[in-house]
Amino acid sequence: MTPRLLEKYETEILPALAKQFGRTNRLSLPRLEKIMVNMGVGSAIGEKKYLDEATDALRMLSGQKPLVTAGRKSIAGFRLREGMAIGCKVTLRGKRMYEFLDRLVSLALPRVRDFRGLSPNAFDGHGNYSLGLTEQLVFPELNPDKYSRAQGMNVTMVTSTDRDEEARELLRQLGMPLRTT
């Protein structure tokens, strides 16, 4: 089954982008390549169960097993040792990526308290967009009773273009609620 957002991209968004940018080759048009979701669990240094909760939540959100990330160097002030597990991440591509983006745009972001739109300036200069969520419980598939503490996450959307303007227009067409300046 084709995800709803992927179908919309192929039938509506691609022709609109081709007309707007004046290109006929569809491979030269911007497209979403991958979405990376990262949860840094600094409290996992003291309590291992927090990392397990974050990994379980990320597994529920993404539909695939997250990779546990380790500290790269020891920092005595944070009681962190090199190689200690302090986070988890997942890279979504293809159908899972479009399903996640659809749930993020239509379900999770509207549930964020005092949400006034995403910043249109959070691009990195190479067409990639990053946003942070302060808690994972804005996703309806997560049961709030199961998680003892709110855990934030970073979501990075990697596009095929190097121009921020093209990536911004692609994300707008995909339904990202970017603020107007």
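For the range 119-147, what are the residues that are in contact (Cβ under 8 Å) with a residue 60 or more places away in the chain, part of a loop (DSSP other than H, G, I, E, B) and closer than 18 Å to residue 66 by Cα?
139, 141, 142, 147, listed by residue number.
Name every residue in the range 127-155 that is within 15 Å of residue 34 (Cβ to Cβ), touching a Leu at 6+ places or on another chain (Cβ under 8 Å) and polar (S, T, N, Q), in order of residue number.
154
Exactly one of (1) out of contact with any Ser or Thr (no Cβ under 6 Å at 6 or more places or on another chain); (2) buried (at least 18 other Cβ atoms within 10 Å of the Cβ); (3) closer than 20 Å to residue 90 by Cα is unmet by residue 50. Its number?
With (1) out of contact with any Ser or Thr (no Cβ under 6 Å at 6 or more places or on another chain); (2) buried (at least 18 other Cβ atoms within 10 Å of the Cβ); (3) closer than 20 Å to residue 90 by Cα applied to residue 50, the lone miss is (1).
Do you know which of the residues in the range 148-181 that are among the charged types (D, E, K, R) and in a loop (DSSP other than H, G, I, E, B) is modelled with the lowest pLDDT?
Of all residues in the range 148-181, those among the charged types (D, E, K, R) come to 149, 162-166, 168-169, 172, 179.
Then keep just the ones that are in a loop (DSSP other than H, G, I, E, B); that gives 149, 162-163, 179.
On the way: 149: 77, 162: 91, 163: 90, 179: 85.
Top of the filtered list is 149.
So residue 20 passes all but one of these: (1) surrounded by fewer than 18 Cβ atoms within 10 Å (Cβ to Cβ); (2) at negative phi; (3) at pLDDT below 90. Which condition number does it fail?
With (1) surrounded by fewer than 18 Cβ atoms within 10 Å (Cβ to Cβ); (2) at negative phi; (3) at pLDDT below 90 applied to residue 20, the lone miss is (3).
With the condition kept exactly as written, say whether any residue in the range 67-86 is touching a residue at least 60 places away in the same chain (Cβ under 8 Å), out of contact with any His (no Cβ under 6 Å at 6 or more places or on another chain) and either in a loop (DSSP other than H, G, I, E, B) or buried (at least 17 other Cβ atoms within 10 Å of the Cβ) (or both).
To start, the set of residues in the range 67-86 that are touching a residue at least 60 places away in the same chain (Cβ under 8 Å) comprises none.
Checked the range 67-86: no residue is touching a residue at least 60 places away in the same chain (Cβ under 8 Å), out of contact with any His (no Cβ under 6 Å at 6 or more places or on another chain) and either in a loop (DSSP other than H, G, I, E, B) or buried (at least 17 other Cβ atoms within 10 Å of the Cβ) (or both).
Which of the residues belonging to the range 96-143 are of a type in the set (S, T, N, Q), surrounded by fewer than 17 Cβ atoms within 10 Å (Cβ to Cβ) and farther than 16 Å from residue 173 by Cα? Lay out the reasoning, then the answer.
Step one: of the range 96-143, the residues of a type in the set (S, T, N, Q) are 106, 119, 121, 128, 130, 134, 136, 143.
Now drop any that are not surrounded by fewer than 17 Cβ atoms within 10 Å (Cβ to Cβ), which leaves 106, 119, 121, 130, 134, 143.
Across the range 96-143, the qualifying residues are 121, 130, 134, 143.
Restricting the search to the range 28-47, which residues are over 19 Å from residue 5 (Cα atoms) and either in contact (Cβ under 8 Å) with a residue 12 or more places away in the chain or buried (at least 20 other Cβ atoms within 10 Å of the Cβ) (or both)?
As a first pass, look at the range 28-47 and keep what is over 19 Å from residue 5 (Cα atoms): 28, 38-47.
Within the range 28-47, 38, 39, 40, 41, 42, 43, 44, 45, 46 meet the criteria.
The values are calculated or read from the model by the stated rules, or taken from the named source; none is laboratory data. Small disclaimer: the values here were computed from a predicted structure and weren't measured. Every residue, glycine among them, receives a Cβ derived from its backbone with ideal geometry; neighbour counts consider all protein chains shown.
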